[in-house]
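The values are calculated or read from the model by the stated rules, or taken from the named source; none is laboratory data. Just so we're clear, the structure is a prediction, and the values are computed from it rather than from any experiment. Heads up, the Cβs are rebuilt from the backbone with ideal geometry, glycines too, and the neighbour counts pull from every protein chain shown. Accessible surface areas use protein heavy atoms only, side chains included; no ligands, DNA or RNA. Shrake-Rupley method; radii C 1.70, N 1.55, O 1.52, S 1.80 Å.
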Amino acid sequence: MKELNIDKVRCALFDLDGVVFDTESQYSIFWGGEARRYRPDVPGLEYKIKGMPLTEIFETYFSSFRNEWEEITKRLNEFEAGMKYEYIAGFETFIAELRKCGVKTAVVTSSNRAKMESVKSQRPELTTLFDAILTAEDFTKGKPDPDCYLMGMARFGCTREETLVFEDSVNGLRSGRASGAFVVGLATTNPHEIVAQYSDMVVDDFLSLSPIQFT
């Protein structure tokens, strides 16, 4: 487990689903339905794809159904427009206190800009909680590649030793770990024992966290 130098933290990078918002169970319903429709031969597909950009989900699991990609995307957009975006417990207080300490914050998500527009329509205050929002269109490689988190660090001119990554999915946790940042894993999507394999710290939510631990 990596040790954290609490005097050095300058930026904090947050995944979106399962970290900022309690939405992963909703996505499991959607992708579970698509899996039963197209890929009943892949048990648990709705869990395997967590943290992956839509383009990679299609290429990896739906490559034989290219003619259906547009229709699946349409159903996904409609589903996301009706989703509920409830914050993970303690998130709003934690990030506000973190920013008061001078820490730069960013969303680093595999979701696309269309999804972010749906999110902001329900949660317009989101843009006031973060200094930057990076989506799938900003990266050349998706999670578990570290490209997205390295780009987040570069946005603020931070080194890996100065960076916190908050993640929940295995793909996202692997991405954070590969970036060299200090990884805080949230056990919102996977059990503690799985999250712990890829994290430097494991928490259930933000209620048990204080910026004093990191700044």
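Some notes on this structure:
- Eligible lysines near LYS84 by straight Cα distance, threshold 22 Å, same-chain separation 8 or greater: LYS50, LYS74, LYS115, LYS120
- Taking the accessible area of the range 1-155, probe 1.4 Å, and keeping the other protein chains in place, the carbon and sulfur fraction comes to 49%.
- For the chain, the longest principal axis of the Cα atoms and the long axis of helix 91-100 meet at an angle of about 40 degrees.
- For Rg/Rh (Cα atoms, Kirkwood Rh), calculated from these coordinates, the label among [x] 1.00; [y] 1.20; [z] 0.96: [z]
- Between the beta carbons of LYS8 and ASP147, assuming R0 = 22 Å, the FRET efficiency works out to 0.45 to the nearest 0.05.
- 0 to 90° range, to nearest 10: angle between helix 147-156 axis and the chain longest Cα axis: 40
- Among 23-29, 149-155, the order from most to least packed when residues are scored by Cβ within 10 Å on average: 149-155, 23-29
- Label-zone membership for the range 16-52, site GLU71, 7 angstrom Cα→C-beta point, backbone N under 11 Å: 38
- Counting only heavy atoms of the protein chains and using a 1.4 Å probe, SER208 has close to 80 Å² of accessible surface.
- Rounded tilt (10° steps) of 113-122 against the dominant C-alpha axis of the chain: 70
- Accessible-area ranking of ARG99, ARG174, largest first, probe 1.4 Å: ARG174, ARG99
- Between SER210 and ALA154, the distance separating the two model label sites (each 7 Å from Cα on the Cα→Cβ line) works out to 3.7 nm.
- With protein chains left intact and a 1.4 Å probe, residues in the chain average 46 Å² of accessible area per residue.
- By the beta carbon rule, with partners counted only under 4.7 Å, the chain holds these lone Cys residues: CYS101, CYS148.
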